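Only the coordinates and a few stated rules stand behind these numbers; no lab work does. Owing to the predicted nature of the structure, the values given are computational and were not obtained by experimental measurement.
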Amino acid sequence: MLVSALLHNLQSLIDLFWVGRLGHTAIAGVAMGGTVITILFPGIMGLSTGAVAVVARAVGAGRPAAAAAAAAQSIGMAFWLGFRCLCCSWPTPRCRAPATPGRRC
């Protein structure tokens, strides 16, 4: 988990390097995106670790039906949370066009 967090920070720095010449608005967008991902990362890792623990416990107890139900529930929860994040982060129609000087969303 530590290595994953370090690689995520490295990826944010690489993104800032490539976007740096596009202007301050692009840099701010990449920085805010990195911040949101950094905030969501521990919760996502906690949910996935909990799902693995529940499924492993059911498999270890010899209850494959319970393990399948827990796995299906965790996959369903992942799709639901992903859809909610998509709906919350989808840009408004007037902000879809590339930013031009003097134009505000």
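Tabulated values for the structure
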| item | result |
| --- | --- |
| Cα gyration tensor, the chain - rounded (a/c under 1.5), prolate or oblate | oblate |
| Residue-by-residue Karplus 3J(HN,Hα) for the range 47-54, coefficients 6.51, -1.76, 1.60, Hz, glycine and proline x | 5, 5, 5, x, 5, 5, 5, 5 |
| Karplus-derived HN-Hα couplings along the range 6-17 (A = 6.51, B = -1.76, C = 1.60, θ = phi - 60°), whole Hz, x at Gly and Pro | 5, 5, 5, 4, 5, 4, 5, 5, 5, 4, 5, 4 |
| Mean-position separation - Cα centroids, the range 71-91 and the range 1-19, in angstrom | 24 Å |
| Karplus-derived HN-Hα couplings along the range 61-72 (A = 6.51, B = -1.76, C = 1.60, θ = phi - 60°), whole Hz, x at Gly and Pro | 7, x, 10, x, 5, 5, 5, 5, 5, 5, 5, 5 |
